[in-house]
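Colleague: Just dropping this structure here.
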Amino acid sequence: MRGPVQCVCASAERRRAGGFSLLETLVALLLLGLVALTCLRVFGVALRGQARTREHLEAVALAERRMAELALLPPDSIAAYDGEPRGDVFPSPFERYRWRALLRRVDGAPALVQAAVLVEWPRGEYSLETAFYRPERGPGGRVEGP
């Protein structure tokens with residue numbers, strides 16, 4: 001007695017061999033492309049965030065530098081900043097940053113000077129404010145005030 005007759009088809013034989021069909025390959029490539037596109041978008045967002053952070057850190061450093069320079073001004077030079085802000089562009093390589101500064105003596109406490117520095121660039125701005133002690137000098141170079 002013979003067993004049941006088996007019909008061997010070419011497609012059934014190929015499937016047992018472990019290969020992928022064209023449709024399966026196209027679906028895998030589509031999924032791989034979507035994952036790659038998502039990764040590129042995330043990478044682009046990270047790069048833009050890094051550039052904004054770098055600009056902001058540069059602006060903070062420039063504002064602190066300008067504030068330190070203002071704190072070292074002699075008392076008679078403070079009057080040049082009083083009432084009307086002064087400003088300019090930072091030297092190279094920071095020419096895309098502009099600064100404005102305002103100094104004014106505090107009413108009732110003329111030895112205290114309020115200082116404000118604003119640094120602006122095309123995509124943002126940073127301001128820094130402080131007060132420092134700078135007594136006025138009277139005749140003969142004597143310090144006036146408390």
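Colleague: So for the stretch 9-18 (the condition being of a type in the set (A, V, I, L, M) and modelled with pLDDT of 80 or more), does at least one residue qualify?
Modeller: Looking through the stretch 9-18, none of the residues is of a type in the set (A, V, I, L, M) and modelled with pLDDT of 80 or more.
Colleague: Oh, and also: Starting from residues that are of a type in the set (A, V, I, L, M, F, W, C) and modelled with pLDDT of 90 or more, keep the ones in the stretch 41-63 and report whichever is nearest to the chain's Cα centre (by Cα).
Modeller: Residue satisfying both the conditions and the ranking: L57.
Colleague: Conditions: (1) over 25 Å from the mean Cα position of the chain (by Cα); (2) surrounded by fewer than 17 Cβ atoms within 10 Å (Cβ to Cβ); (3) of a type in the set (K, R). R105 meets all but one. Number of the miss?
Modeller: (2)
Colleague: I'm trying to understand the selection: among the residues of the stretch 108-130, which are over 14 Å from A71 (Cβ atoms) and either buried (at least 17 other Cβ atoms within 10 Å of the Cβ) or under 22 Å from the mean Cα position of the chain (by Cα) (or both)?
Modeller: Within the stretch 108-130, L118, V119, E120, W121, P122, R123, G124, E125, Y126, S127 qualify.
Colleague: Also, quick follow-up: I need a count of the residues in the stretch 75-132 that are among the small types (G, A, S) and either under 30 Å from G49 (Cβ atoms) or assigned to a loop (DSSP other than H, G, I, E, B) (or both).
Modeller: Residues in the stretch 75-132 being among the small types (G, A, S) and either under 30 Å from G49 (Cβ atoms) or assigned to a loop (DSSP other than H, G, I, E, B) (or both): 10 in total.
Colleague: Tell me which residues, restricted to the stretch 68-88, are closer than 13 Å to Y133 by Cα and surrounded by 13 or more Cβ atoms within 10 Å (Cβ to Cβ).
Modeller: Result: L70, A71, L73, P75, I78.
The values are calculated or read from the model by the stated rules, or taken from the named source; none is laboratory data. Not measured: the values here are computed from a predicted model. We place every Cβ from the backbone using ideal geometry, glycine too, and count neighbours over all the protein chains shown.
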